[in-house]
Amino acid sequence: MNTYLNLIAALLAALFLPGQSDAPQSTPGMPDETPSPVVEPTASAAPTSPIQPSPTPARTPFPRPYSGISLPPLAPLPVAKRDASWPFAIGVKGGLSMAGIRGDGTSDWSNRNGFAGGGFFFLPFSDYFGLQAEVLYVTKGAVHEEDFNGQPLKTTLDLVYLEIPVLARLTIPTSVRVTPTIFAGPALGLKIKGQQEAEYQGQSTSEEIEGLKSTDFGLVLGGGLDVDTGYGKILVDLRYEFGLTNILEEGDIKNGAFLIMGGYSLNFWPF
């Protein structure tokens, strides 16, 4: 009975009396409670964090810097279209010139034969049409024969021109390698030589023709045949050159000539 009274008194003192220690005190008749030793956690006993580190991401290539400008792909340079049926052509030709004169007092003058030849350049505009420029050395003139004191007297007008025709040329298509052509255009003649030669009794003399103009102008009309060889053409043409201007300062005398020429042209593409 006394033991229970002492226990009650101790509890009341702990609750209502100030200045008393909060530490637990031993109670008479009750065994002392020995605190359990604090067990320090070891490394092996350390709790595992519920948040696991993420795995190291795989290395990716370093991105290229962004310039902020979107450029279109480069377009190829323009290339001139080469049409195999429209080749340029350059060539040479040569042949015979059968020249004469017409006008006042020329009825008894006959033709004079000589050389004609040179080079040319052809510029196509289609399969069938183009322009042809030429530079030709052409012999012209005329011959007069008569009896003088019972002896033959031969007088020759020896005319030579550097002619520059510019011709429009039309090709007539065929199913074979041989194609006909027709052409026409103006021609400018630059005088190279202008002499009058006389032959009498085995002797000859020559002198410059007085009043002969340094230029001549005419019209060319003609046609021909072209034979395709693959790399070029063999050509034959026949033309007449009709003089339009007087060759002398005074009088009415004009040139004229038939030309028969053959040649070869080489095809090429400048682009």
Net charge near Glu199 (other residues with Cβ under 10 Å of its Cβ; Lys, Arg +1; Asp, Glu -1) is -1
With r defined as the distance between the Cβ atoms of Leu162 and Tyr128 and R0 fixed at 35 Å, what FRET efficiency is calculated, to the nearest 0.05? 0.70
Region 78-180: chymotrypsin sites (Phe, Trp or Tyr not before Pro) in DSSP coil with no more than 12 other Cβ atoms inside 10 Å: Phe125
Phe122 neighbourhood, Cβ < 11 Å, K/R = +1, D/E = -1, net charge 0
Positive dipole terminus of region 110-172, leading residue within Val143, Gly117, Gln132 (C-beta point charges): Gln132
How far is it, in nm, from the label point at Phe121 to the one at Ile182 when both lie 7 Å from their Cα along the line to the Cβ? 2.8
Around Leu248, which amide H atoms from residues at least 5 apart in sequence, or from another chain, sit under 5 Å from its own amide H, with H modelled in the peptide plane? Lys213, Ile253
Can you list the GluC sites (Glu not before Pro) in region 231-271 that are in a DSSP coil and have 12 or fewer other beta carbons within 10 angstrom? Glu249, Glu250
Under a cut-off of 15 Å between alpha-carbon atoms, report the aspartates and glutamates in cross-link reach of Lys191, not counting same-chain residues fewer than 8 places apart. Asp158, Glu163, Glu208, Glu210, Asp216, Glu249
Under 5 Å between amide H atoms, partner at least 5 residues away or on a different chain: which partners does Thr229 have, H built in plane at 1.01 Å? Ile234
With +1 on the Cβ of every Lys and Arg and -1 on the Cβ of every Asp and Glu, and nothing else charged, how large is the dipole of region 112-246 about its Cα centre, in debye rounded to the nearest 20? 520
State to the nearest 20 debye the size of the charge dipole of region 209-258 about its Cα centre, where the only charges are +1 on K and R beta carbons and -1 on D and E beta carbons. 180
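Bear in mind that the values in this text are calculations on the coordinates, not laboratory data. This is a predicted model, so every value here is computed, not measured. Please note: Cβ atoms are built from the backbone with ideal geometry, for glycine as well, and neighbour counts cover all protein chains shown.
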